[in-house]
1. Would region 243-250 turn up any residue that is polar (S, T, N, Q), in a loop (DSSP other than H, G, I, E, B) and at pLDDT 90 or above?
2. Does region 23-31 contain at least one residue that is part of a strand (DSSP E or B), modelled with pLDDT of 90 or more, more than 12 Å from the ligand (Cβ to nearest atom) and open to solvent by 10 Å² or more (accessible area, probe 1.4 Å)?
3. Yes or no: Gly259 farther than 30 Å from Asp116 by Cα, out of contact with any Asp or Glu (no Cβ under 9 Å at 6 or more places or on another chain) and open to solvent by less than 20 Å² (accessible area, probe 1.4 Å)?
4. Somewhere in region 179-198, is a residue surrounded by fewer than 22 Cβ atoms within 10 Å (Cβ to Cβ), under 20 Å from the mean Cα position of the chain (by Cα) and either modelled with pLDDT under 95 or more than 16 Å from Gly47 (Cα to Cα) (or both)?
5. If I filter region 76-100 down to residues being within 19 Å of the chain's Cα centre (by Cα) and of a type in the set (Val, Ile, Thr), which single residue comes out as most open to solvent (accessible area, probe 1.4 Å)?
6. Which of the residues that make up region 112-152 are outside any loop (DSSP other than H, G, I, E, B), of a type in the set (Lys, Arg) and more than 27 Å from Ser50 (Cβ to Cβ)?
7. In region 147-171, which residues are open to solvent by 20 Å² or more (accessible area, probe 1.4 Å) and without any contact (Cβ under 8 Å) to a residue 40 or more places away in the chain?
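The values are calculated or read from the model by the stated rules, or taken from the named source; none is laboratory data. In this text, all values refer to a predicted model and were calculated from it rather than measured experimentally. Reconstructed Cβ throughout: ideal geometry from the backbone, glycine too, with neighbour counts over all protein chains shown. Surface accessibility is based on the protein's heavy atoms, side chains included, excluding ligands, DNA and RNA. Shrake-Rupley method; radii C 1.70, N 1.55, O 1.52, S 1.80 Å.
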Amino acid sequence: MNSQSGKTIGVFDSGFGGLTVLHALLAAHNPVSRYAFLGDSARLPYGSKSRRTIARYAVESARYLVERQNAGFLVIACNTASALALDAITAAVPVPVLGVITPGAEAAKAASRTGDVLVIATDATVQSRAYSAALAAHGLRALEKACPLLVPLVEEGWTSHPVTREIIRIYLDELLAHASSIGMKPDTLLLGCTHYPLIRPLIEQAVPAGIRVIDSAEATAAAVAARFHNRQSSEPTELRFFATDSVEKFERLGSRFLGKPTGPVTLVDLDG
Ligand code: DGL
């Protein structure tokens, strides 16, 4: 690693969704001013794949950020990779690694009064039961539901489309009916996928009054800021973006997730 080692935070997602976490990191006035974001968009979605494949892809992505972009700290801004590959990533790179599941569970703990929490996420995340375990560690009861149609809708840019609205309504109706059939009294809905903050307004309109919608982006950003609070930086923020598929699409859609233009994105080949 060169002299920049340790000064860069590497942020990784399977696609664009993790830009919502980067957005929160920037808003948290983190004293670290250098970020490298990698979206493994060529191999998205991770959420429909097996643990073995997710771990292989995520480890390759993490190594790229550490070995090629000199990241000294990694944020896994992807729920699926955090749920199924955090151990594999941590074992593969010589830098600290933070996933989004633990901060998400802590945010749920802070939000819930009834102790019953609903989670929507990808298939792989739900099957891993990572959120149920993390929430149980805080004394919370979880009911998880896979919503596999939502990621492609967000990737398509249909973040306020009537079709997306209707699909959200169907998923949430099913989840709420299930919760009520087992006697749960949920007051919190945790968005367990980094794509879902982009459709948060539609989700908030679809949940009944009394259920608060939360996501892990801000909690993750706060955890990173706490870690680096002793550092001072007067340097301007430097953002570098890398994608494994169409940089044009990343530049076009990425700005929606980041809340501002990404600027030029570099194409990388992780298989090479
Ligand atoms: N980034 C993934 C997550 O947060 C969603 C997209 C995918 O399935 O790869 O779970």
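1. Taking every residue of region 243-250 in turn, at least one turns out to be polar (S, T, N, Q), in a loop (DSSP other than H, G, I, E, B) and at pLDDT 90 or above.
2. no
3. For Gly259, the condition - farther than 30 Å from Asp116 by Cα, out of contact with any Asp or Glu (no Cβ under 9 Å at 6 or more places or on another chain) and open to solvent by less than 20 Å² (accessible area, probe 1.4 Å) - is not met.
4. Restricting attention to region 179-198, the residues satisfying the condition of being surrounded by fewer than 22 Cβ atoms within 10 Å (Cβ to Cβ) are 179-185, 187.
After this cut, where a residue has to be under 20 Å from the mean Cα position of the chain (by Cα) as well, the list is none.
No: zero hits.
5. So the residue we want is Thr90.
6. So the first thing to find is which residues in region 112-152 are outside any loop (DSSP other than H, G, I, E, B), and the list is 116-121, 123-128, 130-136, 141-146, 150-152.
So of that shortlist, the ones also of a type in the set (Lys, Arg) come out as 141, 145.
If the condition is that a residue be outside any loop (DSSP other than H, G, I, E, B), of a type in the set (Lys, Arg) and more than 27 Å from Ser50 (Cβ to Cβ), then Arg141 is the only one that fits.
7. Leu149, Glu156, Trp158, His161, Pro162, Val163, Glu166, Ile167, Arg169, Ile170, listed by residue number.
Residue by residue, here is whether (1) crowded, with 21+ Cβ neighbours inside 10 Å; (2) assigned to a helix (DSSP H, G or I) holds:
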position	(1), (2)
Tyr46	yes, no
Ser61	yes, yes
Val66	yes, yes
Leu74	yes, no
Thr102	no, yes
Ala110	no, yes
